[in-house]
Amino acid sequence: MAAVDLFWLPLGAGGQSVRLNGRVYEAVAAQLARRPAYALYHSALEVRVPEGRFVIEMTPVRDAHGKQRGVVSEGAVGSRLAGRFRICRYEVRRWRDGMIPDVEEAAESPRRLSDDHDRARRVLDLVPRVPTLVWGRDELKVGEMWNSNSVISWLLARSGLEPESIQPPSGGRAPGWQTGLLAAQRECERAGVRTAPPVTKERPPRRHP
């Protein structure tokens, strides 16, 4: 059995502080862009291959025991200088038999992206190669920050799973998604390999009927 499933979790699920900060960020972003404010979503993957089930996600560094959670890389939050401190770092997990915190709050999930073994295997193999750009910064100069959604969209693009067609739940937005697509596209172009799906302008979130 093989599968790649996408989960959409409300930003700050299970944590009031992160949820509140997300709402403040979206309210300011919406005002600057002169558009309505939307619910923000954080994405994660669950990948199944014959030897097991793996959870792929970017989260804050919890403690010094990352290997127990399948951590394959870490990056800085806010600035590379601040990344010297654990509280200002994030981790990228490929966690065998792991869990997605607060998965019961996921919306329109899981979303099956593929049941092809080679695709699932490629997603897993690419996790250690995810760029570790600074979280919350626009180092690629595309007008959008690097975050957890960027990690997931980068993986899907490099795996050939056409993430440009994926939309967040109705009435929601996934900041950082296009940043991951652009990072994958530029990396492919530099390597002279088949490019990732083209980067398109973020589509307006779908509204509930």
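Only the coordinates and a few stated rules stand behind these numbers; no lab work does. Just so we're clear, the structure is a prediction, and the values are computed from it rather than from any experiment. Using ideal geometry, Cβ is built from the backbone for each residue, glycine included, and neighbour counts are taken over all protein chains shown.
The loop-placed trypsin sites (Lys or Arg not before Pro) in the range 113-143, going by DSSP, that have at most 12 neighbouring Cβ atoms within 10 Å of their Cβ come out as LYS141. Look at the Cα gyration tensor of the range 3-191: its axes a ≥ b ≥ c give a/c under 1.5, and that counts as rounded.
In a DSSP loop and with at most 11 other Cβ atoms within 10 Å, there are no chymotrypsin sites (Phe, Trp or Tyr not before Pro) in the range 101-167.
Placing +1 on the Cβ of every Lys and Arg and -1 on the Cβ of every Asp and Glu, with nothing else charged, gives the range 67-167 a dipole about its Cα centre of roughly 660 debye.
In a simple Cβ point-charge model (Lys, Arg +1; Asp, Glu -1; nothing else charged), the range 3-191 has a dipole of about 580 debye relative to its Cα centre.
Computed from backbone phi, the HN-Hα couplings of the range 72-86 come to 10, 6, 9, x, 8, 10, x, 7, 5, 5, 5, x, 5, 9, 4 Hz, rounded to whole numbers (Karplus: 6.51 cos²θ - 1.76 cosθ + 1.60, θ = phi - 60°; Gly and Pro given as x).
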